[in-house]
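Okay, so here's the structure we're looking at.
All of the numbers you see were taken from the coordinates with simple rules; none came from a lab. Just so we're clear, the structure is a prediction, and the values are computed from it rather than from any experiment. Please note: Cβ atoms are built from the backbone with ideal geometry, for glycine as well, and neighbour counts cover all protein chains shown.
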Amino acid sequence: MVSRTTADYETIAQVGCEALCEPAFWAGYDRASAQGFYDYYRQLTEYEPARAAKFGIKHFCWLCINPKEAEDPVFAREVMALIPDFIDKPNVLGIGEIGLNKNTKNELAIFEEHVELAQKFDRPILIHTPHLEDKLKGTRLILDALKNANVDRGRVIIDHVEEHTAPLVLDEGFWAGMTLYPESKCSPARAIDILETFGMENIWMNSACDWGISDPLAVIKCALEMKKRSHSAETVEKVIFENPKTFLSQCPNFSL
Amino acid sequence: MPTKKEIQDLYFMDSRFKLLEIASFLDRVDRHDGQADFRHPAFMKALEAMQNPPTGTSRAQAVHLAFSDHSTEPAEAADIQFAYGACQKEVEA
Ligand SMILES: [Zn+2]
């Protein structure tokens, strides 16, 4: 978790976190060169797993150039050319979080090239959908592109779904992810509403651990909220542990 | 699963608090000088959508849809890198 302190690893270990997966994302600033991503991929594949291991947590990651920095296709392709050197590192799960940020033509082209890369290496895909007013359009564009690429839908998870996009994703046979935030986006109470409305299959929750106001304990807090709403311990276990394990077990490098 | 009353016991007070926050926010916009931008009509449209969601659409979905960009073609380029939370093109359409 490049944007978090070591104390956060300790905290999530104390509440029973066994493993985490970290998507390649924005570093809080735009990197000046492709070489900046080489260093970042080393951070994700060498330093972060070592930092997590001190607390008995298995650290996994996804690799890509995130959509926020993918508007310049020449730069994006230069970065993507680094991925084959890292794809076989022991904690790499697949390609992600790719997707769209402002729903532009260039972002979409780079998204499609990432999907091809995942297919070439036969790896699962983690997808970021835009936030707020751009989410509906971005999700639709992503779904269309995935249909055109003929991907194995059971090996693709589309993240940050909310009430209006969860059914679009699930009805098409993709996995859906809900990202929990303390403010501005999906809250634990709403995530449970989405589970109760659209079902507990092919869906997971994750704690946003980014540069914004976010909370590594969000999933645990949601589990407590599920308990308040009389969900059984088995249902909670399924949603916060078994479902992610089922999806991630499709990644050749994943084990607990 | 909890009954309607149990859901009220769990969430009424928190939702009442949030509703007053919204009412105060709107009063605050009314009270201050200058001109509100497109986010104000978008917000009012979302409130209306929440109270009268189309058939088959939940209140939360109706609020999302009121704030969303409904265009379907990818943009030529990004004019801003952030999101406002409401779509100017939809409000002005
Ligand atoms: Zn994301």
* To do: With only Lys, Arg, Asp and Glu charged, each at its Cβ (+1 for the first two, -1 for the last two), find how big the charge dipole of the protein assembly as shown is about the Cα centre; round to the nearest 20 debye.
  => 780 debye
* Structure fact -> For chain B the mean separation of alpha carbon contacts under 8 Å (6+ apart) over residue count, i.e. relative contact order in percent, is 27 percent
* Output ³J(HN,Hα) for segment A:98-104: one whole-Hz value per residue in order, computed from phi by the Karplus curve 6.51 cos²θ - 1.76 cosθ + 1.60 with θ = phi - 60°, and x for Gly and Pro. => 8, x, 10, 10, 10, 6, 9
* **Computed helical MRE - 222 nm, chain A, DSSP H runs ≥ 4 contributing -39500 (n - 2.57), nearest 500** => -12000 deg cm²/dmol
* To do: Using θ = phi - 60° and the Karplus relation 6.51 cos²θ - 1.76 cosθ + 1.60, list the HN-Hα couplings for segment A:134-139 in order, rounded to whole Hz, with x at every Gly or Pro.
  => 8, 5, 4, 5, x, 5
* For segment B:21-34, 3J(HN,Hα) per residue [Karplus equation, 6.51 cos²θ - 1.76 cosθ + 1.60, θ = phi - 60°, Hz, x = Gly/Pro] -> 4, 5, 4, 5, 4, 5, 4, 5, 4, 4, 6, 8, 6, x
* Asked: Non-local amide H neighbours of A:Lys58 (under 5 Å, H modeled in plane, Pro and chain starts lacking H): which ones?
  -> A:Ala19, A:Leu20
* Asked: Which FRET efficiency value, to the nearest 0.05, is calculated for B:Ser24 and A:Phe55 with the Förster distance at 35 angstrom and r the Cβ-Cβ distance?
  -> 0.20
* Structure fact -> Cα convex hull volume per residue for the protein assembly as shown, in Å³, equals 151 Å³
* **Interchain or long-range residues, amide H under 5 Å from A:Cys186's placed H** => A:Tyr181
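Once every DSSP H run of n ≥ 4 in chain B is given -39500 (n - 2.57) and the sum is divided by its residues, what mean residue ellipticity at 222 nm do you get, rounded to the nearest 500 deg cm²/dmol?
Taken over chain B, the calculation gives -19000 deg cm²/dmol.
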* **Likely footprinting exposure, A:Arg42, B:Arg31, fewest C-beta neighbours within 10 Å first** => B:Arg31, A:Arg42
* Can you list the lysines whose alpha carbon sits under 25 Å from that of A:Lys68, skipping same-chain ones fewer than 8 residues off? -> A:Lys89, A:Lys102, A:Lys105, A:Lys120, A:Lys135, A:Lys137, A:Lys147, A:Lys185, B:Lys89
* To do: Arrange the following residues from fewest to most other Cβ atoms within 10 Å of their Cβ: A:Trp211, A:Trp26.
  => A:Trp211, A:Trp26
* Roughly how crowded by other chains is peptide B:76-88, in terms of the mean Cβ count from those chains within 10 Å of each of its Cβ atoms? -> 4
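Explain nothing, just the number: relative contact order of chain A, from Cα pairs under 8 Å at least 6 residues apart, as a whole percent.
Reported as a whole number, the value is 16 percent.
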* Structure fact -> Exposure proxy check on B:Arg16, B:Arg39: fewest-to-most Cβ neighbours within 10 Å is B:Arg16, B:Arg39
* To do: For A:Ala176, list long-range residues whose amide hydrogen, built 1.01 Å from N in the peptide plane, is under 5 Å from its own amide hydrogen.
  => A:Ile158, A:Ile203, A:Trp204
